[in-house]
Amino acid sequence: MAQYNLKINGQTYKADVEPDTPLLWVLRDSLGLVGTKYGCGIAQCGACTVHVNDSATRSCVMPVSAVGDSKVTTIEGLSEKGDHPVQQAWNEVDVPQCGYCQAGQIMTAAALLKRNAKPSDKQIENAMNGNLCRCGTYHRIREAVKVASTKTN
Amino acid sequence: MSNLTNTNRRDFMKLAATAGGGVLLGFHWRNADAKPAVLDAAAEAAAPSIEFNSYLAVAPDGKITIFSPNPEVGQGIKTAFPIVVAEELDVDWQQVHVAQAPLDTVKFQRQVAGGSGSIPHSWKRLRQAGATARQLFINTAAQRWGVAPEQCTTESGAVLLKGSKKKLTYGELAEEAAKMPTPTDVPLKDPKDFKLIGSSIRNVDNQDIITGKPLFGLDFTREGMLYAVVERPKAFGMKLKSVDSAAAKAVPGIVDVVTFDNSVAVVGKSTWQVMKARKALKIDYEKEAALESTSDHDRIFDELLNSDKNEVRRKEGDVDKAFKSAAKVVKSEYQCPFLSHAPMEPMNFFAHVRPDGAELIGPTQTPERAQGEAAKFLGIPKEKITVDMTRMGGGFGRRLAADFVMEAVKISALTKAPIKLIWSREDDMTGGDYRPAVKYRFEAALDDKGNMIGYKLRGAGINAGNPTRENNFPAGAVDNLLIDSAEHKSAITTGPWRAPITNFLAAAEQSFLDEVAQAAGKDPIQFRLELLEKAKTAPAGDVRYDVDRMIAVTKLAAEKSNWGKDKTKNQGFSLYYSHLSYVAQVGEVEMKAGKPELTKIIAAVDCGIVINQSGARQQVMGGVVDGFGHAMYGSLSFTDGVPDQSNFNKYRIIRMQEIPEVEVHFVDNGIDPTGLGEPALPPTGGAVANAFFKATGKRLYKQPFIEGLSGKVES
Ligand code: FES
Ligand code: FES
């Protein structure tokens, strides 16, 4: 076990875990931040997507020991009131079906829009292709990313 | 699922006061042979068979809570049910707060998410619940004003006195209403006055979902709980021989290792620790049944299809004679592999078994089954076991089973600790309960005018039960028909997978009918319309589908797709009736750089009245994406009893770049609504295969289609 001071959502969290523990399980089990989901554990589904220094990262394959001083943002910290443009768009377009994949989808979309405020359809598809949605809400996800891009300017 | 619905009951309403002084309206029924009575609290206590199916509660401060008793698995029931109640209650949607009710077999009936059955089961009950409460508020206000109830009306959660400015909100009336007798025989709204039903209402959990609130089973935690993972035999057909758990127990954070059935559970302080420790288990297994490979199944299918010991499912006329006299015979075989349900949220459950009872919390499509199996295992009455349903991260039928619930129960019983059981994705994908692999042989006899005078279907499945649906179209439309089936019993476990059996049967049959139409020299839609006409005017035996509704969706799909008008489009048609809803689809394939690509699917859907446009549309789009994705890519194969795929790196789920455009059209016929969780999926594979045939001239006889399409169609 080792002590880690993690910078998550603008706060510092302490975690006492083994160094190889994936960030995903530190968030979920140690810190109670369960918005980040487990879907595959091998970087194939995107359910566990968080931002590490603003870029979309699969927390299921990132050992806590590799996080260091990086700034981590989870779905809980994406916005204070749940009104990030991507979150607003997700509600307006009524994207969620079961909803389980959506935190990861939102985090991927938010990272995309941060580096490319007006992505083309192709760019949206490329960025979102790593996120599985077993319910098949892809049409609405694509639409919601576009709606969000009109909100961010 | 129909066996879960007891129709031999009589409904009536029951009123009670809430602790907060408001009014609570329950929907009760009891066995028809019991004496119907307006129940008061004493009568209710004396009549244990009374059940509620839905509640709404109105607090004096005006807050309206509608309880949704059925498990939410992504089918949108937690939004749709309350819409129906709110419509008849005549309140604005903004006034409504929706809450998930726990399992309560006394208060509710059919707390199941499966078979697309919740809406048809509850439609009238929910409307009556809302309408009865509305009438109660009218009666209460009328009494206070000293007028006849007929002089009152309602709007936005308030009673109005016609021709005056007098108005009392339901909240203001709640305390008084709780003391009033429950109205009976309350009229329902005329559907043309519906305001909420038929509009677009967003998922009631949206805000919680998009902000990452703990909603799902996997998110549930309890002070002092321990995490558990279970190691199961790697191969179907193996059983546990011996376990050496010393190394696993030495891993930091591990509290216990327990063994039950063929399973070894590692229990500890965190998910990662138990997952790691599990790898340190040393387990010996021994063979207890055949260790089957996919190549064995291929051979077994052929044996079954050629055997003469099949179980006859339906027989009409004289098939042998029809085939002997036929001008043309068409014969084809279609095959599909096993599939994993692979819901995004893997199986998990919380169980706390105590000396005096048990508490179960988690994602289940059948809370009552979970309760029943736990009660049986623990040897305690069902009443001592509570079940709370969390939102489910998909299910697709996997959560109809209670195996994972029982694992949590057993581990908790053995360790005497509150247990949170977690399945990894690998556990989920290799853990069985699959969509069974099936192979069909179809034969059709055509007369010299191209009429289908004979039809044979033989289904062979691995643990598939009856892999046919013998009363589905074209049964009823062909004079000489024989449908039979055979089953191979395997150690590989199977279970219902979204639209059980029809998820592939429909694709196979709709492809075959396309072949028959081609052989008859007829347009595929015209060919089906002729068969439907026959089912209507000169049916061959029972017709268990509504022919007119079949025709209507067919025509709607033809119209919306401009069927056959644009010769540059490669269109394929498919039509299927399942789970009480009717769906026709047209797939369109374009050649792109010499490769065929499915670009669009047009779906015409008749599920009767559409309760929630937004939810219903997404159910169809999602069903089509699911049907297309699995038809194209889905495959779980075996080597010596071990699944060859164990995670999404090898088990291919459709991704955003692969989806076609999907267009959804609903038939507007005012018929009572039916479910949509499943019916959009079955026809998709057929529309896709037929469109690919149009483009390439090649039939796709085997799923996943990607194997038949790759490489060979460039020329
Ligand atoms: S859980 Fe991390 S990508 Fe699937
Ligand atoms: S909404 Fe269910 S997995 Fe995406």
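For A:Thr108, are the conditions met, namely being of a type outside the set (A, V, I, L, M) and within 13 Å of ligand 1 (Cβ to nearest atom)?
yes
Got at least one residue in the range A:56-65 being surrounded by 23 or more Cβ atoms within 10 Å (Cβ to Cβ), more than 14 Å from ligand 1 (Cβ to nearest atom) and more than 7 Å from every other protein chain (Cβ to nearest Cβ)?
The answer is yes, given that some residue of the range A:56-65 is surrounded by 23 or more Cβ atoms within 10 Å (Cβ to Cβ), more than 14 Å from ligand 1 (Cβ to nearest atom) and more than 7 Å from every other protein chain (Cβ to nearest Cβ).
For the range B:391-400: of the residues being more than 16 Å from ligand 1 (Cβ to nearest atom) and open to solvent by less than 20 Å² (accessible area, probe 1.4 Å), which is farthest from the other protein chains (Cβ to nearest Cβ)?
B:Leu400
With A:Gly35, A:Gly39, A:Gly10, A:Gly82 as the choices, which residue is open to solvent by less than 50 Å² (accessible area, probe 1.4 Å) and more than 16 Å from ligand 1 (Cβ to nearest atom)?
The conditions single out A:Gly82.
Check B:Gln371 against each of (1) in contact with a helix residue (DSSP H, G or I) (Cβ under 7 Å, 6 or more places away or on another chain); (2) assigned to a strand (DSSP E or B) and name the one condition it does not meet.
Condition not satisfied by B:Gln371: (2).
Here's the yes/no breakdown for (1) over 23 Å from B:Val73 (Cβ atoms); (2) under 20 Å from the mean Cα position of the chain (by Cα); (3) more than 14 Å from every other protein chain (Cβ to nearest Cβ); (4) modelled with pLDDT under 95:
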site: B:Thr599; (1), (2), (3), (4): yes, no, no, no
site: B:Cys607; (1), (2), (3), (4): no, yes, yes, no
site: B:Gly623; (1), (2), (3), (4): no, yes, no, no
site: B:Ile653; (1), (2), (3), (4): no, yes, no, no
site: B:Glu658; (1), (2), (3), (4): yes, no, no, no
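Out of the residues in the range B:56-79 that are more than 14 Å from chain A (Cβ to nearest Cβ) and in contact (Cβ under 8 Å) with a residue 60 or more places away in the chain, state the one that is surrounded by the fewest Cβ atoms within 10 Å (Cβ to Cβ).
If we take residues in the range B:56-79 being more than 14 Å from chain A (Cβ to nearest Cβ) and in contact (Cβ under 8 Å) with a residue 60 or more places away in the chain, then B:Asp61 is surrounded by the fewest Cβ atoms within 10 Å (Cβ to Cβ).
If you take the residues in the range B:212-243 that are surrounded by fewer than 21 Cβ atoms within 10 Å (Cβ to Cβ) and of a type in the set (Ser, Thr, Tyr), which one is nearest to the other protein chains (Cβ to nearest Cβ)?
B:Thr221
Just checking, does the range A:97-113 include any residue being at pLDDT 95 or above, away from chain B (no Cβ under 13 Å), touching a strand residue (DSSP E or B) at 6+ places or on another chain (Cβ under 8 Å) and over 24 Å from B:Gly627 (Cβ atoms)?
The answer is yes, given that some residue of the range A:97-113 is at pLDDT 95 or above, away from chain B (no Cβ under 13 Å), touching a strand residue (DSSP E or B) at 6+ places or on another chain (Cβ under 8 Å) and over 24 Å from B:Gly627 (Cβ atoms).
B:Ala322 fails exactly one of the following numbered conditions: (1) small (Gly, Ala, Ser); (2) crowded, with 22+ Cβ neighbours inside 10 Å; (3) more than 30 Å from B:Glu443 (Cα to Cα). What is the number of that condition?
(3) is the only condition that B:Ala322 fails.
Can you tell me which residue among B:Leu700, B:Leu681 is part of a loop (DSSP other than H, G, I, E, B) and within 21 Å of the chain's Cα centre (by Cα)?
B:Leu681
Would you point out which residue out of A:Ala103, A:Ala89, A:Ala111 is crowded, with 21+ Cβ neighbours inside 10 Å, among the aliphatic types (A, V, I, L, M), away from ligand 2 (no atom under 16 Å from the Cβ) and under 26 Å from B:Arg202 (Cβ atoms)?
A:Ala111
Contact list please: Cβ distance under 9 Å, first residue in the range B:342-353 and more than 7 Å from chain A (Cβ to nearest Cβ), second residue among the charged types (D, E, K, R) and in a loop (DSSP other than H, G, I, E, B), pairs at least six apart or on different chains.
Taking only residues 6 or more apart or on different chains, the pairs are B:Phe350/B:Arg222; B:His352/B:Arg222; B:Val353/B:Lys416.
For every residue, the table says whether it meets (1) part of a strand (DSSP E or B); (2) closer than 24 Å to B:Lys213 by Cβ.
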residue	(1), (2)
B:Ile361	yes, yes
B:Ala375	no, no
B:Ile380	no, no
B:Asp388	yes, yes
B:Gly394	no, yes
B:Met406	no, no
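For residues that are free of Cβ contacts under 8 Å to residues at least 60 places away in the same chain and within 7 Å of another protein chain (Cβ to nearest Cβ), scanning just the range B:194-208, find the one that is surrounded by the most Cβ atoms within 10 Å (Cβ to Cβ).
B:Asn206
The values are calculated or read from the model by the stated rules, or taken from the named source; none is laboratory data. Computed from a predicted model, the values in this text were never measured in an experiment. All Cβ positions, glycine included, derive from the backbone under ideal geometry; neighbour counts span all protein chains shown. In case anyone asks, the SASA skips ligands and DNA or RNA and just uses the protein heavy atoms, side chains included. Shrake-Rupley method; radii C 1.70, N 1.55, O 1.52, S 1.80 Å.
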